[in-house]
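Just below is one structure, and these are the notes that go with it.
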Amino acid sequence: MKKLVALLIILAACFSLNNNSTFSQPQIKVHVTGGYDLPLPDLKGTYPTDTNSALQKSGFNIGADVKYYLGKKRNVGITLGGSYNAFSSGDISVTGGKFVTKVNILAVALGVEYNFMPKGKTQPFLGLEFTGNFFSGKYTTTPTSGTGTEATMKSASRFGIQFGGGVDFKLSKSVGAVLGVKYNLANLIGKDSTNSTVANEYTLNDKETTGKKSLNLSYIQVYAGVSFFFNEPKKTVKK
């Protein structure tokens with residue numbers, strides 16, 4: 001991930017060398033994004049080798065955020081955002097049929113950001129956020145004959161952190177594009193091992209118990225989207 005963030009910053013710096021004008025940093029930015037999620041161990045796994053993992057193969061994300069920049073330079077900002085992340089194991093073949101398991105994470109994040117080039121047309125940034133993560137999911141079996149079964153995950157709340165970076169590209173005074181990447185550790189705080197007593201319901205069960213290790217549910221989020229800029233001074237200064 002560090003290499004990806006460094007690459008984004010280098011690309012932004014190269015684009016900025018060709019800028020013919022500078023702009024005052026808008027005080028407020030709004031992003032609407034979507035992208036790809038790459039699950040990491042223990043969210044990722046291969047059946048039957050990694051039966052102590054969540055067995056997710058890939059995922060996607062959609063989200064939005066608001067950023068409010070402080071001071072005269074406006075290179076330090078407060079961020080508030082949310083994203084919906086949907087993962088799936090895909091069809092897994094077993095004796096007598098197949099099964100699929102899905103994990104969904106609704107993440108709400110509050111954090112800080114540093115903008116390296118607040119007056120440039122290209123603006124690389126790094127951020128760190130504290131997250132609240134709300135888990136749900138489903139487990140479905142499809143036998144080669146007969147009727148399949150379905151169970152749902154009991155809703156679970158966990159707290160974690162996410163950090164990453166990206167680049168804002170200003171296409172006009174009020175609209176632009178954003179490209180970025182984040183690392184998310186979704187269950188740093190709040191792990192639990194309580195099993196459900198409800199029929200056709202299971203729990204996240206990510207805390208260490210006898211014969212079962214603790215699960216660290218993390219993923220990399222790659223995203224792109226549209227940027228909207230507000231409260232920017234009208235004056236453009238030529239170099």
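The values are calculated or read from the model by the stated rules, or taken from the named source; none is laboratory data. Predicted model only: the values in this text are computed from it and were never measured. Virtual Cβ from ideal backbone geometry, glycine too; neighbours counted across all protein chains shown.
Just checking, does the range 229-237 include any residue being touching an Asp or Glu at 6+ places or on another chain (Cβ under 9 Å), of a type outside the set (Lys, Arg), surrounded by 16 or more Cβ atoms within 10 Å (Cβ to Cβ) and touching a residue at least 60 places away in the same chain (Cβ under 8 Å)? Checking the range 229-237: at least one residue is touching an Asp or Glu at 6+ places or on another chain (Cβ under 9 Å), of a type outside the set (Lys, Arg), surrounded by 16 or more Cβ atoms within 10 Å (Cβ to Cβ) and touching a residue at least 60 places away in the same chain (Cβ under 8 Å).
Matching residues to (1) in a loop (DSSP other than H, G, I, E, B); (2) among the aliphatic types (A, V, I, L, M); (3) in contact (Cβ under 8 Å) with a residue 12 or more places away in the chain:
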residue: 135; (1), (2), (3): no, no, yes
residue: 164; (1), (2), (3): no, no, yes
residue: 178; (1), (2), (3): no, yes, yes
residue: 182; (1), (2), (3): no, no, yes
residue: 198; (1), (2), (3): yes, yes, yes
residue: 206; (1), (2), (3): yes, no, yes
residue: 219; (1), (2), (3): no, no, yes
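Filter the range 159-198 down to residues that are in contact with an Asp or Glu (Cβ under 8 Å, 6 or more places away or on another chain) and basic (Lys, Arg) and give me whichever is farthest from residue 41 (Cα to Cα). Only one residue tops the list, namely 173. Residues that are more than 22 Å from residue 56 (Cα to Cα), modelled with pLDDT under 95 and charged (D, E, K, R) are absent from the range 207-227 altogether.
Any chance the range 97-106 includes a residue that's part of a loop (DSSP other than H, G, I, E, B) and out of contact with any His (no Cβ under 8 Å at 6 or more places or on another chain)? Within the range 97-106, not a single residue is part of a loop (DSSP other than H, G, I, E, B) and out of contact with any His (no Cβ under 8 Å at 6 or more places or on another chain). Is it fair to say residue 22 is more than 20 Å from residue 186 (Cα to Cα), β-branched (Val, Ile, Thr) and either surrounded by 14 or more Cβ atoms within 10 Å (Cβ to Cβ) or modelled with pLDDT under 90 (or both)? Spelling it out, residue 22 is indeed more than 20 Å from residue 186 (Cα to Cα), β-branched (Val, Ile, Thr) and either surrounded by 14 or more Cβ atoms within 10 Å (Cβ to Cβ) or modelled with pLDDT under 90 (or both). Going by the structure shown, is residue 169 closer than 20 Å to residue 220 by Cβ, within 23 Å of the chain's Cα centre (by Cα) and assigned to a strand (DSSP E or B)? In short, no. When 45, 96, 120, 71 are screened for being under 23 Å from residue 193 (Cα atoms), modelled with pLDDT under 95 and not aromatic (Phe, Trp, Tyr), only 45 passes. Here residue 120 clears all of (1) assigned to a strand (DSSP E or B); (2) more than 30 Å from residue 149 (Cα to Cα); (3) over 16 Å from the mean Cα position of the chain (by Cα); (4) of a type outside the set (Val, Ile, Thr) except the condition numbered (1).
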